[in-house]
Amino acid sequence: GVTPEMGPKKRQAASKRNNPFNTLNVTRHKHKVLNKKVRGAKRNPRTKLEANLKRKKTLLLELQNQTKQNKFVDRRFGENEEISQEEKNFLRFQRERQRRSASKSGRYNLNDNTQLTHLGTSLSDIKHMETTAAEDDEDDEQLDLNMIDELTKLGSKPGQKTRKEILAELIQKQRAEKAAKKELMMQQANLLEDLDNSFKEIRDLVEMKNTKTKLDKILGRGDEDEPNPEVDEFRAATKKLAMEMRAQASERLKTPEELAREQKERLEKLEDERLRRMNPSNYLEDAKQRVTPTGDDLVESYVANVEAVGRKRLGAKVVRPTENGKSNDDSMKFRHSNEAIEQARKSKKELPYVFEAPSTYKQFALLLDNHCKSPEDLAEIIRRIRLYNSAALAAENRQKLQRFLALLLEHFEKITHNGKPSDISRTLSFLDILPKPIHELCLQLPKLAGNIFRERLESIRKSFIESLSVSNEGGSYPSFSNLLFMQLVVCTFPTSDFKHNITVPTIHLLGQILQLAARKSTWDIFAGLFISRLLLACIRQSKRYIPELLSYLHNLVIEGFNKTGKESTSGLWIGVKKSKKSKKRVKDMRNPIEYLVMSENSASLQDSMVRETSLRLTLDTVKRTVEIYRDLEVFPALFDDIRDILSSNVRCGCVPKSEIHEIEKLLIEERENCIKTRMPLILKRDKPKEIKQFNPVVIENFQPGQDMDPNKDRAEAKKMKKKLRREKKHAMRALQKDSMFVALERQRLARTQREKVNRKKKRIRSEMEREAADTNVHTTRRKKKKE
């Protein structure tokens, strides 16, 4: 307790410890229950005081220093901790020992480039040091023996050398011998190093003998009588590492600008060589300077020339005796002149390596007329034009390539317009060359390519709409060039995209043509089949459903395989009659492009040939469509009508029954597979809810305050959730108290600042009033003096 003998500080501390209000029970209950936890039964006011002190040491300091840029942080050991002076000294001593030990250990942590030395000499040269020291010791021993012999022979005769002179001569002689020996060793070492360096160049050409070295004996190599599996594995790994090639520094990847510049320089160099070969005089000059190799020249794969036997080297004249005994200089000149003329003629026939990008189609057509003789020449000309005028070389080349793309599309249209039925294979071979460069240019110039293709598609759509307005029966099919242009669209742009601004309008246009165009001639038959193939190519990846395609194929099958077995007189078969005289079988041609060209002249195809070809192409198109749509759940509804027509008794002599039965079998199999994989619709029903029961739950060995859940994991989860809620509640309460403390502190600072300002205002006002009073008193006194 507190006694009168205590000092003020001890008395205050004792009063705090023994304050009765700290353990006062202020909570009163009417009924007391044993082992019942009562909130607030015993309070501890000191916790609130300690929390306030802690906030003053942390939050208050942060609040005071938040507007300050510089601050002092005391990082001395133990200054920020409440420990005794002995503990502080112990920590400082411990940290100092750790620092010193770390510095000593780090002194010997060597990097890869660090080299240990001893008295300024590398430890790797210790072998050299030992040999040198041994030789020095031998020389010193020899010197001592010579000195003993000379000193023993020394007498007292007059004119004889003294001991000092003999020692000086011996030492000088020994030093000279040591210097000479050292010079000889340095020369041998340099010679050995030069031999090692020169041996590296021819090491791969020399066969090394399979000698057993000391390392082989240690590793157990060559012991075939006593095999050791462990040593064998190690030997294999060692040999693999020894034979492994070291990584070499590779050259950096070149930029597109550098690659384009190299290609252009290569083409220019090749063009200069071609122009030089075209001049016969240049060939003759090269022939004079040409030297024929001989067996003395170290040239790989050298083959002696029989005609060169007897010739002199180094460009001398070749002298060969003839029947008359004269030289053959005139014949050699004549032969070289003929070779020069022949070489010049071949060089003129070669394609030029440098082509400027044409600006008009007239220039491009003239260029092709002069140099293009085959499809390969066309591909090479286009490639060289693109390489020489690459967009990576200059900004203006991009405009040249834009014009060149338009010229290629125009040339594509010219070829399709000028295609003749007699030369269809040549026309198609030229057409096969153009899609690849057009596709690559479209990737380089996407915006321009999109505009060009959209304008052409819009013109095709407008022409088809005009044909619909002219005829009541239906529109006309597009021309051959328009059909091939739409095939070019399919080959150039991606077809798997559902929102592409080129391919999606093309698909819609093709479907509209199949639905609204009328079939009036042989051309219309093959044009419709060609459009069907284009649509199948468009939906091969996306598997987009196109109802116009299925409707068109259904109508073709109905009109071609009528159930009566008679020739159809409407739709597909108008003007097409079966010829009994023609018994030739049509080849298995699956592409209707050739028939598109030949069908422009109806006389080029016989009636039976038209019927058989169209029916076989229709069946092949149906087969391709089945392969694409086989995964749809509505497959039976789409192809049941076609299957019924094919399965009926059709008497058609044009198409073999095997092909019809093959497609019919395919349709039946895919229909069965689709029905097997179908899942019937099931009404979604909710699981019936259990009726709540009010039977009491009896728990044996019940303990209040504990979770008696038999599932340990669930009980642990409940415990953790409860703990989390409690901690969250405590944290929220602490945050509220912290915010309240900060708000009160800010209010106190604001109040202190206002009081300071008010005091300053009062002081200034009192000073001003005092000065005014003094001034008034002074003026009244002056007035009285004047009076």
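The values are calculated or read from the model by the stated rules, or taken from the named source; none is laboratory data. Remember, it's a predicted structure, so these values are computed and weren't measured experimentally. Note that each Cβ is placed from the backbone with ideal geometry, even for glycine, and that neighbours are counted across all protein chains shown. Each accessible area value is taken on the protein alone, full model and side chains, heavy atoms only, with ligands, DNA and RNA left out. Shrake-Rupley method; radii C 1.70, N 1.55, O 1.52, S 1.80 Å.
Dipole magnitude for segment 490-548: computed about the Cα centre from +1 point charges on Lys and Arg Cβ and -1 point charges on Asp and Glu Cβ, it is near 100 debye.
Taking 1.306 mPa s as the viscosity and 10 °C as the temperature, the Stokes-Einstein diffusion coefficient of segment 652-740 based on its alpha-carbon Kirkwood radius rounds to 72 µm²/s. If you roll a 1.4 Å probe over the heavy atoms of the protein chains, what accessible area per residue do you get for segment 655-787, in Å²? Accessible surface, normalised per residue, equals 100 Å².
Restriction of the chymotrypsin sites (Phe, Trp or Tyr not before Pro) in segment 515-557 to DSSP coil positions whose beta-carbon has at most 14 other beta-carbons within 10 angstrom yields TYR545.
For segment 448-571, the relative contact order works out to 24 percent when only alpha carbon pairs closer than 8 Å and six or more residues apart are counted. Close amide-amide hydrogen proximity is noted between GLY475 and ALA517, ALA518, each under 5 Å apart and 5 or more residues distant or on a separate chain (H modeled in the peptide plane; Pro and chain starts excluded). The trypsin sites (Lys or Arg not before Pro) of segment 426-501 that meet both conditions, a loop assignment by DSSP and at most 16 other Cβ atoms within 10 Å of the site Cβ, are LYS499.
A simple spin-label model places the labels of LYS36 and ASN89 5.9 nm from each other, with each point 7 Å out along Cα-to-Cβ.
Among the listed pairs LYS36/LYS719; LYS689/LYS728; LYS254/LYS400, those with a Cα-Cα distance over 30 Å are LYS689/LYS728. Using 21 Å as the Cα-Cα cut-off, could you pick out the over-long pairs in LYS349/LYS436; LYS520/LYS665; LYS269/LYS348; LYS264/LYS447? Check vs 21 Å cut-off fails for LYS349/LYS436; LYS520/LYS665; LYS264/LYS447.
Shown in residue order for segment 192-202 are the 3J(HN,Hα) couplings computed by the Karplus curve 6.51 cos²θ - 1.76 cosθ + 1.60 at θ = phi - 60°: 5, 5, 5, 5, 5, 5, 6, 5, 5, 5, 10 Hz (x for Gly and Pro). Each Lys and Arg contributes +1 and each Asp and Glu -1, all at the Cβ; summed about the Cα centre of segment 384-444, the dipole is approximately 140 debye.
In order along segment 406-415, the Karplus-derived 3J(HN,Hα) couplings, from 6.51 cos²θ - 1.76 cosθ + 1.60 at θ = phi - 60°, round to 5, 5, 5, 5, 5, 5, 4, 5, 5, 5 Hz, and Gly and Pro are given as x. Taking GluC sites (Glu not before Pro) across segment 696-741, the ones in a DSSP loop with at most 13 further Cβ atoms lying within 10 angstrom of their Cβ are GLU700. One decimal place: the segment LEU632-ASN472 gains 54.0 nm when fully extended, by the rule 0.36 nm per residue minus the C-alpha distance. In order along segment 693-709, the Karplus-derived 3J(HN,Hα) couplings, from 6.51 cos²θ - 1.76 cosθ + 1.60 at θ = phi - 60°, round to 10, 10, 6, x, 9, 9, 10, 6, 6, 5, 10, x, x, 10, 7, 9, 5 Hz, and Gly and Pro are given as x.
For the residue pairs LYS346/LYS414; LYS737/LYS761; LYS373/LYS414; LYS32/LYS737, the alpha carbons lie more than 24 Å apart in LYS346/LYS414; LYS737/LYS761; LYS32/LYS737.
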